[in-house]
Amino acid sequence: MALKLLGIAFIYAVSFFYGQHIHNAKLDSAELHTVKYADEINDAANTFNLNPALIAAVIHAESNFKPFARSQVGAQGLMQIMPSTLRYLGYRNGFDPKQNIYAGSKYLRELLDSFNGNIIYSIAAYNAGPGAVKRFAGIPPYKETRGYVKKVLAHYERYQKVFASDPLMS
């Protein structure tokens with residue numbers, strides 16, 4: 001048990017220190033069907049210069065790959081996009097998997113650009129908003145956000161094994 005906790009702590013530490021470097025990746029054709037919406041994820045990753053493992057991790061954390069998920073505050077679809085954010089990003093249907101993945105990926109790209117490629121801050125901002133991350137100069141002290149960052153990083157590590165990685169040009 002202690003060894004398992006040490007291993008998990010190591011993954012989080014590695015994710016924190018090295019996770020700032022996003023990688024561009026291509027889906028291995030043999031594993032194409034192991035991730036739901038893999039084609040849409042891969043297309044959005046290529047369009048917005050993101051690691052598809054990051055997109056899959058956010059989808060997993062946000063909706064568990066349920067395209068008709070709706071939060072209590074009205075966020076919609078796979079990546080749980082608010083309707084106003086969806087419109088701001090240039091999309092209309094939050095329940096259409098492709099539009100939702102593209103909108104969420106575009107927003108992730110904006111956050112990564114805003115936080116100089118810092119994946120940890122970008123994930124926190126996806127949950128708590130960029131203003132909160134800027135105000136606290138890092139992950140806000142919200143229990144939900146701290147848990148969200150850990151969850152996304154754990155999924156990210158898992159999906160890294162599904163997607164083959166190459167260094168991303170910033």
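None of the figures in this text is laboratory data; all of them are computed from the coordinates on show. Worth saying up front: this structure is predicted, and the values here are computed from it rather than measured. Here the Cβ is made from the backbone with ideal geometry for all residues, glycine too, and neighbour counts use every protein chain on show.
Taking the Cβ of each residue in Leu54, Leu89 as the centre, tally the other Cβ atoms inside 10 Å and list the residues starting with the fewest.
Exposure proxy ranking, most exposed first: Leu89, Leu54.
Computed from backbone phi, the HN-Hα couplings of segment 135-144 come to 4, 9, 6, x, 5, x, x, 8, 4, 4 Hz, rounded to whole numbers (Karplus: 6.51 cos²θ - 1.76 cosθ + 1.60, θ = phi - 60°; Gly and Pro given as x). Amide H to amide H distances under 5 Å link Ile81 with Gln76, where only residues 5 or more positions off or on other chains count and H is placed in the peptide plane. Taken over segment 71-126, the convex hull of the Cα atoms encloses 72 Å³ per residue.
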